[in-house]
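For reference, the structure is listed below as structure tokens.
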Amino acid sequence: MMNVRNLFLVRVTQCMVTLIVAGAVTASSAQEMDELWGSRVVKMRADNAERGQLFDEGNYAMFIHWGLYSQLGNRVNGKTYYGIGEWIMNRRMANIPVDQYKELAGTFNPVNFDAKEIVQLAKDAGMKYIVITSKHHDGFAMYHSKACDFNIVDSTPWKTDPMKELSAACQEAGLGFGFYYSHNQDWSFPGGGGGPRVNADGTPATFDDYFVNKCLPQVEEITTEYGPIEIVWFDTPGKMPKEYVEKLVEVVHKNQPGALVSGRAGHNLGDYQTLGDMEVPLSNVDGMWESVDTTNDSWAYAWYDEYWKSPQEILRRLVACVGRGGTYMLNIGPRGDGAVPERAARSLREAGEWIRRYPQVVYGTDASPWQHSLPWGDVVSKGNQLFLTVMEWPTSGELYLPGLKSTVGSAQLLSGDERTPLEHETRNGWTVIKVPARAPEKLASVIEVNLNGQPDVDPSFAVDPNLGVEIHAEFASVAQASKSEKRWMEKFGEWKGTVHVHDWKAEGRASFEVEVLEPGDYNVSLSYAGEGRLVWGVTIEDGEHIQNQQNSSHNYQEFPIGWMNFPEPGKYTLNVSCLEGNLDSASLKTIRIEPIH
Ligand code: GLC
């Protein structure tokens, strides 16, 4: 039986609506970008048992975007273009003519590229394989291609094939190795997706020309000349005809029986599902899938982008991804000289040190039986064991696990190899674990819970007595209103997304189920976007009703609605309604219920 999110996603993907909030990036370009990725389907592990062990059990990998565009770092003729740097050539960014762009090869000389150092960084980070751009949308091959001389050996003064060094270094270090390959888009080869429409001699160029003369031979090259390949990561299939994708998948599986084809091959022919850029889901996703994320907000190196993910943020997104049942591939964008930005490397290494102390949280684990994160952190499972990764340490000395129906055999606080037994009890159906006042770890602390049998959990959201709870609209049931996913780009290619409740009718409501342990007053807030002042009402079914008027804007912001009383422990239904104001503009994202300290 497909779980709620997948059912919901399949339906929504089929009719995805992309709304734009930020200025420059037009609605159409976000929608175009979204459609370029093609549809998504659930792929179960069984489908390809002979492939993808490292993917399925390693759960953490390095993505590398490196190319001619890295030299520019988003700056052309002194002007900075904001957004994903690998698109700098494109009309949505600096719109550099093909001939002018090709001249960049003449100055590409990455003397600071060090394959062993990059592989060591991935290893130190706790990553199990590397996937690097062999050819991106610009059409430049970052390996020695015989099919096209617009490549790093034939066209640059550096005349070196970095992929030979990197694949060898990965093998030596026991890491998997794979290639990103832009199979549809090629902005510099006649006939390529988004590329020139005529050949050099002025004759019309077709996609078939590009496919036969460049794409197919290059996929043959990258799957036969660089040793064992873990993944071939095709991207942005757009409207690429099915027979071409079938041919490429066949070539990959023939030349590399152990290799996976990414979820963005097109026509659902990939071996697993690839979510949208920078998307880490809020609820469990079935089957084999990956989140692709980046250490700042751009895949390729962008000189201005110093907004790096901290070690804790990396762990939060990694554990959330693994807790939802997926694999996390995190990107670095080396500079034009081949060096890895220091701050990215530092965050990766520090998160890696933590993973070395708690490998059981990342490797070979299964999703959380709660199917979503918990207020203090997240959970992964392995048989009848649960590993709680606590980011918000409870100063009250009590950590709360709601809805756990299985009985707890034992609970231990892990500190590296040390294990401290923890007392635990059940209270109104909640499991309460007694913890020391101070967290053993700076970034996140781990508690191992051994159950007497397989995990059996009621995944209902619950108001943590210490931290309260934030519930996203994705988990609401709605009436006389709509619920759908929307995605937008803050900067070009920097994706954000949320499920929201919108199209509110006068009687419209979004209902959230919550479990309360400690009765009393709690502060209720809503995060939403809209236009002008809006009046929101929150009603506890068969209980208190409050309402309040707050302002709104096109950015999601959280506003307090007021205190509400939950008279006794138990389950409650909270109904949220938009009562007055521009209801058409009202877009609800979350409800938060917090204890009053
Ligand atoms: C998108 C971008 C592409 C990037 C990829 C990474 O498809 O177009 O530039 O390489 O996402 O996931």
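Inspect all residues belonging to segment 116-128 and state whether any of them is in contact (Cβ under 8 Å) with a residue 12 or more places away in the chain and touching a Ser or Thr at 6+ places or on another chain (Cβ under 8 Å). Before the answer, list the steps.
Here is the first cut: in segment 116-128, the residues in contact (Cβ under 8 Å) with a residue 12 or more places away in the chain are 116-128.
Filter once more, so that each one left must be touching a Ser or Thr at 6+ places or on another chain (Cβ under 8 Å): none.
No; the residues of segment 116-128 include none that is in contact (Cβ under 8 Å) with a residue 12 or more places away in the chain and touching a Ser or Thr at 6+ places or on another chain (Cβ under 8 Å).
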Quick one: in segment 282-318, of everything that is more than 20 Å from Ile64 (Cα to Cα) and surrounded by fewer than 22 Cβ atoms within 10 Å (Cβ to Cβ), which residue is farthest from the ligand (Cβ to nearest atom)?
Gln312
Within segment 282-336, count every residue that is outside any loop (DSSP other than H, G, I, E, B) and either more than 28 Å from Trp370 (Cβ to Cβ) or among the basic types (Lys, Arg) (or both).
4
Determine which single condition Arg349 fails, assuming it passes every other condition in (1) surrounded by fewer than 23 Cβ atoms within 10 Å (Cβ to Cβ); (2) closer than 15 Å to Thr295 by Cα; (3) under 19 Å from the mean Cα position of the chain (by Cα).
(3)
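For Ser477, indicate whether it is surrounded by fewer than 22 Cβ atoms within 10 Å (Cβ to Cβ), under 23 Å from Gly429 (Cβ atoms), of a type in the set (Ser, Thr, Tyr) and touching a Leu at 6+ places or on another chain (Cβ under 9 Å).
Numbers: surrounded by fewer than 22 Cβ atoms within 10 Å (Cβ to Cβ): yes; under 23 Å from Gly429 (Cβ atoms): yes; of a type in the set (Ser, Thr, Tyr): yes; touching a Leu at 6+ places or on another chain (Cβ under 9 Å): no.
Spelling it out, it is not the case that Ser477 is surrounded by fewer than 22 Cβ atoms within 10 Å (Cβ to Cβ), under 23 Å from Gly429 (Cβ atoms), of a type in the set (Ser, Thr, Tyr) and touching a Leu at 6+ places or on another chain (Cβ under 9 Å).
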Of the residues in segment 61-79, those that are crowded, with 24+ Cβ neighbours inside 10 Å and more than 18 Å from Thr294 (Cβ to Cβ) come to Leu68
Only one of (1) in contact (Cβ under 8 Å) with a residue 60 or more places away in the chain; (2) in a loop (DSSP other than H, G, I, E, B); (3) surrounded by 22 or more Cβ atoms within 10 Å (Cβ to Cβ) does not apply to Phe113, and that is (3)
Sole exception among (1) in contact with a helix residue (DSSP H, G or I) (Cβ under 7 Å, 6 or more places away or on another chain); (2) closer than 30 Å to Glu568 by Cα; (3) without any contact (Cβ under 8 Å) to a residue 60 or more places away in the chain for Thr389, by number:
(3)
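Condition test on Glu279, is it more than 20 Å from Glu246 (Cα to Cα) and part of a loop (DSSP other than H, G, I, E, B)? Talk me through it step by step, then tell me what you get.
Working: more than 20 Å from Glu246 (Cα to Cα): yes; part of a loop (DSSP other than H, G, I, E, B): yes.
For Glu279, the condition - more than 20 Å from Glu246 (Cα to Cα) and part of a loop (DSSP other than H, G, I, E, B) - is met.
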Quick test of your reading of the structure: Glu513 fulfils all but one of (1) surrounded by fewer than 20 Cβ atoms within 10 Å (Cβ to Cβ); (2) within 30 Å of Asn90 (Cα to Cα). Name the failing condition by number.
(2)
With the condition kept exactly as written, say whether any residue in segment 490-502 is more than 31 Å from the chain's Cα centre (by Cα), farther than 30 Å from Asn296 by Cα and buried (at least 17 other Cβ atoms within 10 Å of the Cβ).
no
Going by the structure shown, is Asp138 outside any strand (DSSP E or B), acidic (Asp, Glu) and away from the ligand (no atom under 16 Å from the Cβ)?
no
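Name the single residue that is farthest from the chain's Cα centre (by Cα) among those in segment 38-79 being of a type in the set (D, E, K, R) and modelled with pLDDT of 95 or more. Please lay out each step first, then the result.
To start, the set of residues in segment 38-79 that are of a type in the set (D, E, K, R) comprises 40, 43, 45, 47, 50-51, 56-57, 75, 79.
Of the ones still in play, those that are also modelled with pLDDT of 95 or more are 75, 79.
Details: Arg75: 27, Lys79: 30 Å.
Here the residue is Lys79.
Does Leu467 meet the test of being surrounded by fewer than 22 Cβ atoms within 10 Å (Cβ to Cβ), in contact with a Pro (Cβ under 9 Å, 6 or more places away or on another chain) and within 30 Å of Ser511 (Cβ to Cβ)? Lay out the reasoning, then the answer.
Numbers: surrounded by fewer than 22 Cβ atoms within 10 Å (Cβ to Cβ): yes; in contact with a Pro (Cβ under 9 Å, 6 or more places away or on another chain): yes; within 30 Å of Ser511 (Cβ to Cβ): yes.
So Leu467 passes the test.
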Using beta carbons and a limit of 6 Å, which pairs, at least six apart or on different chains, have the first residue in segment 532-545 and of a type in the set (Gly, Ala, Ser) and the second one assigned to a loop (DSSP other than H, G, I, E, B)?
Gly532/Gly581; Gly532/Asn582
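Inside segment 197-222, can you point out the residues that are of a type in the set (S, T, N, Q) and in contact (Cβ under 8 Å) with a residue 40 or more places away in the chain?
The first filter runs over segment 197-222 and keeps only residues of a type in the set (S, T, N, Q), leaving 199, 203, 206, 213, 218.
Hits for segment 197-222 are Asn213, Gln218.
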If Lys128 satisfies all but one of (1) modelled with pLDDT of 95 or more; (2) farther than 18 Å from Trp233 by Cβ, what's the number of the condition it fails?
(2)
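If a residue counts only when it is over 24 Å from His65 (Cβ atoms), which helices (runs of 4 or more DSSP H) contained entirely in segment 180-263 have at least 3 such residues? Walk me through it before giving the result.
Details: elements: 207-210, 216-222, 242-255.
Where helices (runs of 4 or more DSSP H) fall fully within segment 180-263 and carry at least 3 residues being over 24 Å from His65 (Cβ atoms), they are 207-210, 242-255.
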Checked Lys79, Lys128 against criteria (away from the ligand (no atom under 16 Å from the Cβ) and within 21 Å of Lys164 (Cα to Cα)); the one match is Lys128
Take Ala147 and tell me if it is among the small types (Gly, Ala, Ser), more than 16 Å from the ligand (Cβ to nearest atom), in contact (Cβ under 8 Å) with a residue 40 or more places away in the chain and in a loop (DSSP other than H, G, I, E, B).
yes
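The values are calculated or read from the model by the stated rules, or taken from the named source; none is laboratory data. Computed from a predicted model, the values in this text were never measured in an experiment. Cβ coordinates were reconstructed from backbone atoms using ideal geometry, including for glycine residues, and neighbour counts include every protein chain displayed.
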